[in-house]
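Report on one structure; see the data block that follows.
The values are calculated or read from the model by the stated rules, or taken from the named source; none is laboratory data. Every value quoted in this text rests on a predicted model; they were computed, and no experiment measured them. Cβ placement follows ideal geometry from the backbone for every residue including glycine, while neighbour counts extend to all protein chains displayed. Ligands, DNA and RNA are excluded from the accessible area calculation, which covers all protein heavy atoms including side chains. Shrake-Rupley method; radii C 1.70, N 1.55, O 1.52, S 1.80 Å.
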Amino acid sequence: MKIKIKLNKQAIRKIEQAARKAAVETMEEVHSEINNTVPLDQGDLMKGIFVSDESDDNGIHVKLEHSVIYSRYLYEGLKMADKETGKGPALVRDKYGAIVGYRFRKGAKLKVKQPKEKLTFQNGRKDHWLEPYISGNKKNFIKDTYEKNLKGKI
């Protein structure tokens, strides 16, 4: 018994494009959502979050990324110190004297400052702002939003 299967490559390509577009739209919605929870001072951390689409022939790879160098430091929510010097980050100021971030010395390996100290944020904002989407009360948000976005495209 012979079975012959013929694939409609054009239809498959259309589904792949719809899936990619739905993934990007979903990450954009997560981006909008977390703007309500990301720690906020000058707004640089919030402005430094972007959606990156690195999809290729191996699959769809859409990421939510931070361009702000100190985002991992804030995400962990613990004061860190340079392993070698024991010092914390230095404030970085613009030419007008406004704080624009924090910086450790180049090449510094970081450790959690001992005894552990939590960072404090304003207006009820807190560290681990993506955790609700990973294992918290919004863990179905990405899946549900993606399904909704994809249904509208196929």
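Which members of segment 71-99 meet the condition of being touching a Lys or Arg at 6+ places or on another chain (Cβ under 9 Å) and acidic (Asp, Glu)?
Pass one, segment 71-99, residues touching a Lys or Arg at 6+ places or on another chain (Cβ under 9 Å): 73, 77-92, 99.
Of everything in segment 71-99, those that are touching a Lys or Arg at 6+ places or on another chain (Cβ under 9 Å) and acidic (Asp, Glu) turn out to be Asp82, Glu84.
Is it the case that some residue within segment 122-129 is among the charged types (D, E, K, R), touching a helix residue (DSSP H, G or I) at 6+ places or on another chain (Cβ under 7 Å) and over 19 Å from Asn35 (Cα atoms)?
No, segment 122-129 contains no residue that is among the charged types (D, E, K, R), touching a helix residue (DSSP H, G or I) at 6+ places or on another chain (Cβ under 7 Å) and over 19 Å from Asn35 (Cα atoms).
Among strands (runs of 3 or more DSSP E) lying entirely in segment 36-153, which contain 3 or more residues that are hydrophobic (A, V, I, L, M, F, W, C) and over 30 Å from Ala18 (Cα atoms)? Outline the logic, then answer.
On the way: elements: 49-53, 62-66, 80-82, 90-93, 99-103, 110-112.
Because the criterion is at least 3 residues that are hydrophobic (A, V, I, L, M, F, W, C) and over 30 Å from Ala18 (Cα atoms), the strands (runs of 3 or more DSSP E) in segment 36-153 that meet it are 90-93.
Residues of segment 107-148 being open to solvent by 80 Å² or more (accessible area, probe 1.4 Å), in contact (Cβ under 8 Å) with a residue 40 or more places away in the chain and not charged (D, E, K, R), which ones?
Gln122, Asn123 - these are the residues of segment 107-148 that are open to solvent by 80 Å² or more (accessible area, probe 1.4 Å), in contact (Cβ under 8 Å) with a residue 40 or more places away in the chain and not charged (D, E, K, R).
Out of all the residues in segment 38-77, which are open to solvent by 60 Å² or more (accessible area, probe 1.4 Å) and among the polar types (S, T, N, Q)?
Answer for segment 38-77, where residues must be open to solvent by 60 Å² or more (accessible area, probe 1.4 Å) and among the polar types (S, T, N, Q): Gln42, Asn58, Ser67.
Looking only at residues that are open to solvent by 100 Å² or more (accessible area, probe 1.4 Å) and out of contact with any strand residue (DSSP E or B) (no Cβ under 7 Å at 6 or more places or on another chain) in segment 78-106, which one is nearest to Ser67 (Cα to Cα)?
Lys106
Listed here are the residues, each with its yes/no results for (1) more than 30 Å from Gly124 (Cβ to Cβ); (2) modelled with pLDDT under 95; (3) touching a helix residue (DSSP H, G or I) at 6+ places or on another chain (Cβ under 7 Å).
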residue: Lys4; (1), (2), (3): yes, yes, no
residue: Leu7; (1), (2), (3): yes, yes, no
residue: Ala11; (1), (2), (3): yes, yes, no
residue: Lys14; (1), (2), (3): yes, yes, no
residue: Thr26; (1), (2), (3): no, no, yes
residue: His31; (1), (2), (3): no, yes, no
residue: Asp41; (1), (2), (3): no, yes, no
